[in-house]
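The values are calculated or read from the model by the stated rules, or taken from the named source; none is laboratory data. Just so it is clear, the structure is predicted and the values come from calculations on it, not from any experiment. No Cβ is skipped: glycine too gets one built from the backbone with ideal geometry, and neighbour counts run over all protein chains shown. In case anyone asks, the SASA skips ligands and DNA or RNA and just uses the protein heavy atoms, side chains included. Shrake-Rupley method; radii C 1.70, N 1.55, O 1.52, S 1.80 Å.
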Amino acid sequence: MSAATEARSARAPWALTAPALMLFVGVLLIPLAMTVMLSFHDWGQYKGIEPVFILKNWREIATDPYYAEMFWRTFRIGILTTLLTAVLGAPEAYILNRMSGRWKSFFLLVILGPLLISVVARTLGWALLFGGNNGLVNKLLMSLGAIHSPIPFMFTETGMVVALAHVMMPFMVLSVWAALQRLDPQIENAAMSLGAGPVTIIRRIIMPQIMPGVLSGAIIVFSLSASAFATPAIIGGRRLKVAATLAYDEFLNTLNWPLGAAVATLLLAALVLIVVGSNALIERRYAEVFR
């Protein structure tokens, strides 16, 4: 093989990946860099955005307790949503894995079906069911005398967690279900033949096998929940803001783009650190599973 042919062969992978790389840089990296740069600019109600390098926005976020409370609410809702999806999704995935082929395909379609529906439509469904006195479930329960006042759902953290858990449940179920594909059902039968009870089988055999899937699903659910916008905006409204809705308000309502950029940049940096750190710990703890 000549030197020219070898050079062309060496350049071929770069030529094939160049369009995707250019798209990645143009669509993701450049806008992110511009957002970070914008967070260091100044803004005034009458003067607008001034392209100067100052730490005013970052200082305001660091010193104002309002932003600390808002970020803590954001991560608290993300953690609670992750716990709820793990508690409900892991048993659901285990039951799905033990089903026969025909029923497994049907219920897998049932689990994946909500992903085909808009997040806004699914969240509005919860608002229609529990939205104050006019919510269908609240009206039914009050007409039956089961409750005397509507169940508080709108503009509450509980409502946001429930709606987000419903939206994120397929991601947790699929992560655990993928981990269960490595589990041989004959191991459970062997443990039962040796006298192990159901609790022992779950604790000593099933849980160690599905924990990588649970933790992987937890990373996905937490990152998506903490950065969600549509569900917190509909359920929480303007009374109960999270980081995503606050950044939206700063950009489009108050027009304070530098402060909104600082909030968005801080949220992104926090999520990246949490996801990368958690993923490194999971891979180190369950290195044998990922081989």
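What number of residues within the range 132-187 satisfy the criterion of being within 23 Å of the chain's Cα centre (by Cα), assigned to a helix (DSSP H, G or I) and closer than 16 Å to Gly237 by Cβ? Count: 8. For residues that are open to solvent by less than 50 Å² (accessible area, probe 1.4 Å) and among the small types (Gly, Ala, Ser), scanning just the range 115-131, find the one that is farthest from the chain's Cα centre (by Cα). Residue satisfying both the conditions and the ranking: Gly131.
For the range 93-102, the set of residues classified as within 28 Å of Met211 (Cβ to Cβ), assigned to a helix (DSSP H, G or I) and not polar (S, T, N, Q) consists of Ala93, Tyr94, Ile95, Leu96, Arg98, Gly101, listed by residue number.
With Val173, Val167, Val161 as the choices, which residue is touching an Asp or Glu at 6+ places or on another chain (Cβ under 6 Å) and modelled with pLDDT of 85 or more?
Working: Val167 fails: touching an Asp or Glu at 6+ places or on another chain (Cβ under 6 Å); Val161 fails: touching an Asp or Glu at 6+ places or on another chain (Cβ under 6 Å).
That would be Val173, the only listed residue that is touching an Asp or Glu at 6+ places or on another chain (Cβ under 6 Å) and modelled with pLDDT of 85 or more.
Scanning the range 16-38 for residues that are open to solvent by less than 70 Å² (accessible area, probe 1.4 Å) and over 30 Å from the mean Cα position of the chain (by Cα) yields a count of 1. Take the range 166-205 and flag every residue that is free of Cβ contacts under 8 Å to residues at least 60 places away in the same chain, open to solvent by 60 Å² or more (accessible area, probe 1.4 Å) and among the hydrophobic types (A, V, I, L, M, F, W, C). The answer is Ile187, Met192, Leu194, Val199, Ile202.
Quick grid of which residues meet (1) out of contact with any Gly (no Cβ under 7 Å at 6 or more places or on another chain); (2) part of a helix (DSSP H, G or I); (3) of a type in the set (Asp, Glu); (4) without any contact (Cβ under 8 Å) to a residue 12 or more places away in the chain:
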{"residue": "Ile61", "(1), (2), (3), (4)": "yes, yes, no, no"}
{"residue": "Glu69", "(1), (2), (3), (4)": "yes, yes, yes, yes"}
{"residue": "Trp72", "(1), (2), (3), (4)": "yes, yes, no, yes"}
{"residue": "Thr81", "(1), (2), (3), (4)": "yes, yes, no, no"}
{"residue": "Lys104", "(1), (2), (3), (4)": "yes, yes, no, yes"}
{"residue": "Leu109", "(1), (2), (3), (4)": "yes, yes, no, yes"}
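On the given criteria, is Ala262 in a helix (DSSP H, G or I), without any contact (Cβ under 8 Å) to a residue 24 or more places away in the chain and open to solvent by less than 50 Å² (accessible area, probe 1.4 Å)? So Ala262 does not fit the description; no. Could you check, for the range 39-51, whether at least one of its residues is part of a helix (DSSP H, G or I), within 30 Å of the chain's Cα centre (by Cα) and surrounded by 11 or more Cβ atoms within 10 Å (Cβ to Cβ)? No, the conditions are met nowhere in the range 39-51.
Any idea which of Leu88, Leu112, Leu80, Leu84 is of a type in the set (A, V, I, L, M), touching a Pro at 6+ places or on another chain (Cβ under 7 Å) and surrounded by 12 or more Cβ atoms within 10 Å (Cβ to Cβ)?
Details: Leu88 fails: touching a Pro at 6+ places or on another chain (Cβ under 7 Å); Leu80 fails: touching a Pro at 6+ places or on another chain (Cβ under 7 Å); Leu84 fails: touching a Pro at 6+ places or on another chain (Cβ under 7 Å).
Going through Leu88, Leu112, Leu80, Leu84 in turn, the sole match is Leu112.
Of all residues in the range 150-161, those being in contact with a helix residue (DSSP H, G or I) (Cβ under 8 Å, 6 or more places away or on another chain) and free of Cβ contacts under 8 Å to residues at least 40 places away in the same chain number 3.
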